[in-house]
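Report on the following structure.
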Amino acid sequence: NEAFFTTLITQDRSLKIYNASANDNPAAKLLASSTRNINVHGLELQQAHENAGWYLATEYVSRALGVESFDFTTVEGKTTQGHRLVDESKTIIVPLMRGGDPVARGVFKAFATAMYHHAKKPEQIEPEHVTAKNTIILADWVINTGKGMVKFVKHIRENLSGQARIVMVVGV
């Protein structure tokens, strides 16, 4: 809601917001339908959230943080260039438990060399989890007022890292 964005913006004027539901985005519409449909539940609903997480990571997180090239060997034995998230191995993905796990799994599929660490409370993110990390991705599907997410951001900034980029991947 507006208060959530206001709280974040007043704390960090460099905040950038990427909104997948803006601009009549057909991919976002298709992905959101299965996450909101009352007939989609259980494993199917988790898969819908995972798909949305992968999409948000590849389309928006990669745009916000950038990609870098790297060399790899193809199945034909040739060397070619691929792309990955900038500093992907210096990234930690934190699903806010329990609801954030499926969307975070989708993000993790996109950024497989990142670290993955569950947290139900901000204090469960400890210094050893963010040491040498350049990016912290907080993932949750349903946020109401945003107060919980703000607590995680404050904990990171005040107790762990004032320098790491913090990215929030959220659904509602």
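The values are calculated or read from the model by the stated rules, or taken from the named source; none is laboratory data. Bear in mind the structure is a predicted one, so any value in this text is a computation, not a measurement. Positions of Cβ are generated from backbone atoms using ideal geometry, with glycine treated the same way; all protein chains shown enter the neighbour counts. For the accessible areas, the whole protein counts, side chains as well, though only heavy atoms, and no ligand, DNA or RNA atoms are used. Shrake-Rupley method; radii C 1.70, N 1.55, O 1.52, S 1.80 Å.
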Heavy-atom accessible surface of segment 54-172: percent carbon and sulfur, 1.4 Å: 50
Inter-probe distance in nm under a simple model that places probes 7 Å from Cα toward Cβ, at Val86 and Val40: 3.2
Furthest towards positive pole of dipole, Ala52, Gly148, Ala112, structure part the chain, Cβ charges: Gly148
Extent along principal axes [Cα atoms of the chain; Å; largest to smallest]: 52, 42, 30
Ranked by how many other beta carbons lie within 10 Å on average, peptides 46-57, 81-92 from highest: 46-57, 81-92
Whole-number percent relative contact order across the chain, with pairs defined as alpha carbons under 8 Å at least 6 apart: 21
Under 5 Å, built H, 5+ apart or other chain: amide partners of Tyr116: Ile93
Highest average packing first - 132-144, 96-108, Cβ atoms within 10 Å: 96-108, 132-144
Antiparallel %, DSSP beta bridges [both residues in the chain], to 5: 35
Pairwise FRET efficiency - Thr131 versus Met97, Cβ, R0 = 30 Å, nearest 0.05: 0.85
Net charge dipole size for the chain [Lys, Arg +1 and Asp, Glu -1 on Cβ; Debye, nearest 20]: 340
Mean accessible surface per residue for segment 25-98, computed with a 1.4 Å probe while every protein chain stays in place, in Å²: 62
Mean Cβ neighbour count within 10 Å, used as a protection proxy, ranking 61-72, 158-169 highest first: 158-169, 61-72
Modelled FRET efficiency - R0 22 Å, Arg63 with Val172, Cβ distances, 0.05 increments: 0.55
Overall form of segment 103-148 per C-alpha gyration tensor (a/c, 1.5; a/b vs b/c): oblate
FRET efficiency for Lys120 and Gln163, using Cβ-Cβ distance with R0 set to 35 Å, rounded to 0.05: 0.90
Relative contact order of segment 52-105, defined on C-alpha pairs under 8 angstrom at six or more residues apart (%): 35
